[in-house]
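Here the structure is laid out as structure tokens; the discussion comes afterwards.
The values are calculated or read from the model by the stated rules, or taken from the named source; none is laboratory data. Small disclaimer: the values here were computed from a predicted structure and weren't measured. All Cβ positions, even for glycine, are placed from backbone atoms using ideal geometry, and neighbour counts span all protein chains on display.
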Amino acid sequence: MFQRGATVAPELHELDESMLVEPESRRAPWRTFLASTPGRLSVLAGVLVAAALAAGVVTSAVTDARQREIDTLRTHSEPLADAAQSLYGSLSIADAAATTSFLFGGVEPVEVRERYNQAVGDASNALVSASTGVSPADTEAVGLLSEVSRRFAEYTSLVATARANDRSGNPVGITYLGNASSMMQGTILPLAHRLCTEQWTSVATTQTRTTRLPVVAFAVTTSAVLGLVLAQVYLARKSRRLVNPGLVVAALLMAGLLVWSVAALLVSASAAERARTTGTQPLSALVTARILAQQARADEVLGVLRRGSDSQSEVDFSRHSVVLSEILEQHRNTSRGGVADAPVADAATALGGWRDTHTVLQQKLGNGDYPGAAALAVGPGELGSTARFAALDGALQSAIDRLRGEERDAVDDAYRAASLLPVGALVIGVLCGFAVGGGIWPRLNEYH
């Protein structure tokens, strides 16, 4: 019994911790989803679609960059190099024609005068073409063209003065001609040679780059094919279905892209290599050979004009003709069945005949027979220097034209071989992505 006023102490209850239940730790919904089969299938689909699109984009981008480089080569770099070569050749022809005209005394034949005027016109046109085609960012080429243009104007002025004095019977005309020829061979031609060499080097460098295969694009596409095959195996085990039509289509599309890109780029690289080895390299050598022939002709005529009193002309003729002979011999030793083999053989024969005629010419000069030497140098006979040189120059020009045609055809082949690949790769990549989605989506629906 409790008495009134007594204090009742509250009853204490102890918590039995053994009766507590640990609440389950809550997992994030996305983790739960990814751990499930639908989640894994969704991730697989995303990875495969990304791989397919990456293969298409990478192949398209790499091929497109390569195609743009080849297109620039065939529409800009190669024509500019050809313009530089034409400039170089026209300058040499002008110098040889100007020197030859003085052997006739007074008024030269119409064909000789026209040859000089034609060479001057061709050189002027080549200067315009090269100046138009060169990039303003290429300051070195712009500077070379400006200097050649300025010096060429001085050269034509000296030749005009020399011809005026020659028509008046003033011996000083030979001095003016010698100064003009020295300027041409000592200043103008070396500048033109630098320009020509730089442009053809640029062409050769670009061609070398285009012979390299895009390994990265091949690696990405191969990885996509392997991923699609492994995904097919994974789904076959999970769903117990041997074939997933969507993934099979995607794998075939990606394998087709791999085969197409490898085949097209191999053909393109082979054509680019052919352009370099059977076109650009021998073409550059034969262009140099033709210039050497023109210089040797100018040396020969200048030596006759000076009546053999200047030994430097003979030294220069020997040096130029020896190097020319070496170039022709090297081409004949290295080329087998090339388009320029026949004209190069004709050029070698003509050079041998010309050197024989030159030996006779030098003997006449040594014996004091200036009229005989002059007649041999510019006479109309088939065994004269004029005919021999014309045969040599014509054969070299024919070889150059054939090699340039060969080089341009090969560059065009390199471009055409992969012309559809940039767009085709993108289309295949997108189609492959849709095929992956079409193959995995039905499997996902089975879990809904």
Which of the numbered conditions does Ala390 fail, given that it passes all the others? Conditions: (1) more than 30 Å from Lys364 (Cα to Cα); (2) surrounded by fewer than 21 Cβ atoms within 10 Å (Cβ to Cβ).
(1)
State which residue is farthest from Ser313 (Cα to Cα) when the search covers only segment 162-177 and only residues that are in contact (Cβ under 8 Å) with a residue 24 or more places away in the chain and part of a helix (DSSP H, G or I).
Arg167
Condition test on Ala137, is it part of a helix (DSSP H, G or I), of a type in the set (Gly, Ala, Ser) and surrounded by fewer than 13 Cβ atoms within 10 Å (Cβ to Cβ)?
no
In segment 402-425, what residues are of a type in the set (Gly, Ala, Ser) and within 13 Å of the chain's Cα centre (by Cα)?
Ala410, Ala414
Kindly indicate the residue of segment 97-134 that is among the β-branched types (Val, Ile, Thr) and surrounded by 16 or more Cβ atoms within 10 Å (Cβ to Cβ) and also nearest to Leu80 (Cα to Cα) among those meeting that condition.
Val134
Would you point out which residue out of Leu265, Leu252 is touching a Ser or Thr at 6+ places or on another chain (Cβ under 8 Å) and closer than 30 Å to Tyr415 by Cβ?
Leu265
Only residues that are surrounded by fewer than 20 Cβ atoms within 10 Å (Cβ to Cβ) and farther than 16 Å from Leu292 by Cβ: list them for segment 302-331, please.
Arg306, Arg307, Gly308, Ser309, Asp310, Ser311, Gln312
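Here is a yes/no grid of residues against (1) modelled with pLDDT under 90; (2) assigned to a helix (DSSP H, G or I); (3) not small (Gly, Ala, Ser):
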| position | (1), (2), (3) |
| --- | --- |
| Leu41 | yes, yes, yes |
| Val49 | no, yes, yes |
| Asp64 | no, yes, yes |
| Arg68 | no, yes, yes |
| Ala81 | yes, yes, no |
| Arg113 | yes, yes, yes |
From the residues in segment 353-363 that are in contact (Cβ under 8 Å) with a residue 12 or more places away in the chain and out of contact with any Asp or Glu (no Cβ under 8 Å at 6 or more places or on another chain), which one is surrounded by the fewest Cβ atoms within 10 Å (Cβ to Cβ)?
Val360
Residues within segment 205-239 that are part of a loop (DSSP other than H, G, I, E, B) and within 20 Å of Leu44 (Cα to Cα), tallied:
0
Can you spot a residue in segment 364-374 that is touching a Lys or Arg at 6+ places or on another chain (Cβ under 7 Å), in a helix (DSSP H, G or I) and surrounded by fewer than 18 Cβ atoms within 10 Å (Cβ to Cβ)?
yes
Going through (1) surrounded by 16 or more Cβ atoms within 10 Å (Cβ to Cβ); (2) basic (Lys, Arg); (3) under 35 Å from the mean Cα position of the chain (by Cα) one by one, Arg443 fails only at (3)
